[in-house]
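Before any comments, here is the structure.
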Amino acid sequence: MRKIYLVIKLLLLLSTAAQAQKVAAVPTIPADTVYFDHDWENTSHPEDRVYARIARHDTQGRTVGTVRDYFYPSWKKQFEGKLLQEKPDKASGLCTGWYENGKSHFKGTFLQGVQQADYREWGETGQEIKTTYAWHEVLSTDAVKLHSYYNSGSSRQVIPIDLPEGTVGVVYKVDIRDEDQPPVSWSTALTLAASIATAPTGAGPALLLSVGAKALSSESQSAPAVTTKCRFFLVDDEGLTVPFITYATKGTMPPATQCLQQAINRGQETRELVLPAGTRKLYFAVQNDNMRTSARMKLTISALQASRQ
């Protein structure tokens, strides 16, 4: 009887050990702790530590699962949520933030780093901060002439656009046509102002931009009888326009991944673009690809500015 008991006990021990080995075989990603200074720059100096982040990363360095930020050295929670990328952080899904006194800072859903309609924010004393939006026409021109290859003058132009502080996105409307085609006109400012009133209450910047672009697209404009051969792109880095405007490179466009938008042989377009926080300058680069016929361009760019109070 004792032998049977010992055999059963041995079998149980072996089974337990096998189960333990199976559990141990499941790979786990260890959490990293990274420290930051006042400017959210990585620091290895203990005296400069102001924030701490605990996160897991895959083999490509991307965060996995929930990221948690803390005030240091109190270790009170500062942020909790998921990040699509770091440097800069791009939040995704439902995210929450706190002040060091424990009161809520913000809570809401993010899509590709952009706040959605449910986003709410509070001050350190608990009062809710309201965000209002207004449209500003930052560029409107119909005097851009693009010469043909066989004309004197340039077939390419780079137009700089200054944006007001607090710009969260832009809507651009462009029409490029041969010189002998009928001109167009539109009233961007009035149409966009009306789009704010027709947007749902509490709409976020992405939805407001979309509503504005649809409103502008609905404006009637006479289509040209002949499609103009052209190319254009929009970037926030002036350096990307240098190869395009240089004579020797003949209008080389940057890779699409480095552009906010680019198009070839698209003479008319209205589009909204969500911009990274702090963007203050854009560059619209355009080229007439016709060999013998000059073209002209009408371009309007409106910025959606956010104000908090």
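The values are calculated or read from the model by the stated rules, or taken from the named source; none is laboratory data. Model, not experiment: these values are computed from the prediction. Every residue, glycine as well, gets a Cβ built from its backbone with ideal geometry; the counts of neighbours run over all protein chains shown.
Within segment 129-153, if we keep just the residues that are surrounded by 14 or more Cβ atoms within 10 Å (Cβ to Cβ) and of a type in the set (S, T, N, Q), the residue that is modelled with the highest pLDDT turns out to be SER140. Among the residues making up segment 106-145, those that are under 30 Å from ASN288 (Cα atoms) and polar (S, T, N, Q) are SER140, THR141. Within segment 261-280, residues that are without any contact (Cβ under 8 Å) to a residue 24 or more places away in the chain have Cβ atoms under 9 Å from residues that are assigned to a loop (DSSP other than H, G, I, E, B) in these pairs: GLY278/GLU165, counting only partners at least 6 apart in sequence or on another chain.
Listed by first and then second residue, the pairs with beta-carbon distance under 6 Å, at least 6 apart or on different chains, first residue in segment 202-227 and under 27 Å from PHE110 (Cβ atoms), second small (Gly, Ala, Ser) and part of a loop (DSSP other than H, G, I, E, B), are GLY202/ALA117; ALA203/ALA117; GLY204/ALA117; LEU208/ALA199; VAL211/ALA199. Condition check: in the same structural domain as GLU86 (by TED's automatic domain parsing) and under 23 Å from the mean Cα position of the chain (by Cα). Does GLU47 satisfy that? Judged against the criteria, GLU47 is not a match. For segment 105-120, the condition of being of a type in the set (Ser, Thr, Tyr), assigned by TED's automatic domain parsing to the domain that holds LEU282 and out of contact with any Leu (no Cβ under 6 Å at 6 or more places or on another chain) holds for none of the residues.
Suppose the filter is touching a residue at least 24 places away in the same chain (Cβ under 8 Å), surrounded by fewer than 22 Cβ atoms within 10 Å (Cβ to Cβ) and either outside the structural domain of THR241 (by TED's automatic domain parsing) or farther than 18 Å from ASP142 by Cα (or both); does ALA199 pass it? So ALA199 fails the test. Here segment 180-192 is the region considered, the condition is being surrounded by 16 or more Cβ atoms within 10 Å (Cβ to Cβ) and touching a residue at least 40 places away in the same chain (Cβ under 8 Å), and the residue that is nearest to the chain's Cα centre (by Cα) is LEU192. Of all residues in segment 233-279, those satisfying the criterion of being within 30 Å of SER307 (Cα to Cα), touching a Pro at 6+ places or on another chain (Cβ under 8 Å) and not aliphatic (A, V, I, L, M) are PHE233, ASP236, GLU238, GLN262, PRO276.
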